[in-house]
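Participant: Sharing a structure with you now.
What follows is calculated from the coordinates using simple rules that are stated; it is not laboratory data. Note that the structure is predicted; figures quoted are calculated from it, not measured. Cβ placement follows ideal geometry from the backbone for every residue including glycine, while neighbour counts extend to all protein chains displayed.
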Amino acid sequence: MISFLLTLKRLIKGLFHGFKDKRFLALLTLTLATLLSGTLFYSSVENMSYIDALYFSAVTLTTVGHPTLTPVTTFGKLFTIIYMFAGIGITIAMIARITLGIVFPEKLGDERSEEEVSADPSEQ
């Protein structure tokens, strides 16, 4: 239980640092939009409940998979193929930004400083 609490504390710390990062916010928005689109699609086309559709979308994007929740229709299977190729990269990039916030929180600050310096026209 103590290990879980320590891990949860690190996750919250990583998220806290991530919310200060524009790239993380963009990836978070894209991930949530991808989850929402998958949830709406699977609930309407595959007739899944909203919670099952959200769960299926999440396990698909995190590459975990689920043996009993699968698309039944041909359209659903084709959508899932495109959904995986588009969404897995976005999700992994977001997880990488959270990890960066946990392991190297000062790197997020360095990236912002470098971007601000490179945007300064007086140095060109």
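Participant: When a/c reaches 1.5 or more, the comparison of a/b and b/c decides; with that in mind, is the stretch 1-66 rounded, prolate or oblate per its Cα gyration tensor? Don't skip to the end; give the middle numbers.
Facilitator: Numbers: a/c = 3.31, a/b = 1.58, b/c = 2.09.
Here the stretch 1-66 falls in the oblate category.
Participant: Considering every pair of different Cα atoms, what Kirkwood radius, in Å, is found for the chain?
Facilitator: On the way: mean 1/r = 0.0607 Å⁻¹.
Taking every pair of different Cα atoms in the chain, averaging 1/r and inverting gives 16.5 Å.
Participant: Please compute the modelled spin-label separation between PHE104 and ILE12, points set 7 Å along Cα→Cβ, answer in nm with one decimal.
Facilitator: It works out to 2.6 nm between the two label points.
Participant: With the chain treated as a Gaussian network of Cα nodes joined by springs under 10 Å, which of THR73, THR60, THR91 yields the largest mean-square fluctuation?
Facilitator: Maximum among the listed residues: THR73.
Participant: Straight-line reach from LYS22: which lysines have Cα under 20 Å away, leaving out those fewer than 8 places along the same chain?
Facilitator: Candidates past the 8-residue exclusion: LYS13, LYS107.
Participant: Tilt of helix 2-18 relative to the longest C-alpha principal axis of the chain, in degrees (0 to 90, nearest 10)?
Facilitator: 70 degrees
Participant: Same structure again: With only Lys, Arg, Asp and Glu charged, each at its Cβ (+1 for the first two, -1 for the last two), find how big the charge dipole of the chain is about the Cα centre; round to the nearest 20 debye. Walk me through the numbers on the way to the answer.
Facilitator: Numbers: 10 positive and 11 negative charges, 101 e Å.
The calculated dipole for the chain is roughly 480 debye.
Participant: So, one more: Find how much the distance from THR68 to ILE92 grows on full extension, using 0.36 nm per residue of separation minus their present alpha carbon separation; answer in nm with one decimal. List each step's numbers first, then the result.
Facilitator: Working: separation 24, 0.36 × 24 = 8.64 nm, distance 2.39 nm.
Once the chain is fully extended between THR68 and ILE92, it gains 6.3 nm.
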